[in-house]
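If you scroll down you'll find the structure; I have some questions about it.
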């Protein structure tokens, strides 16, 4: 078994273990539970194991992997906890709260909370071709151009992938991730 296939098997097993934890996930419109927030942070970290950034997208060795969070301070604390415990792409992790999309160019991953169509259009105008992995959690977000969208299906937390958008950003998603996600077609008009 190759190193990548072992990681793929571990990721799949991890998700199969983690997904049942979603049995207590709240319904739409209710504040997410502590368990759900930790599970989301775990998904975010695990996604990075199956993404290849283009050469030159990562800074010099020793510089952190930067996760930008757009105005979602509650989830940011869960990402910060994960960052203290893990490394991403062999680097320490820095989580930064962004008040505007302009600061996203220094990020490797951008967490996009629930936002309006206008806000999403602004985010995509700035980031669509940059090698920044965009992950969010709103209905239809992947179809509108975000690379990975976490979504609830009954009691389970699943994820959608917009492969076309990821390719435009020069990110390579490994087959193990593609097999586990729900591939969505982009909407013709953002």
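No lab work stands behind these numbers, since they all come straight from the coordinates. Predicted model only: the values in this text are computed from it and were never measured. Cβ: placed from backbone, ideal geometry, glycine included. Neighbour counts: every protein chain shown.
Given 0.36 nm per residue, what is the gain on full extension from residue 121 to residue 179 after removing their alpha carbon distance, in nm?
Values: separation 58, 0.36 × 58 = 20.88 nm, distance 2.83 nm.
Length gained between residue 121 and residue 179: 18.0 nm.
I've got another one for you. If I model a spin label at residue 57 and residue 168 as a point 7 Å from the Cα along the Cα→Cβ vector, what separation in nanometres do I get?
1.5
Right, next: Sticking with the crude label model, points 7 Å out along Cα→Cβ, report the distance from residue 100 to residue 74 in nm, one decimal please.
Inter-label distance under the simple model: 2.7 nm.
Stretch residue 143-residue 187 to full length: gain in nm at 0.36 nm per residue minus the Cα-Cα span?
Values: separation 44, 0.36 × 44 = 15.84 nm, distance 0.54 nm.
Result: 15.3 nm gained on full extension.
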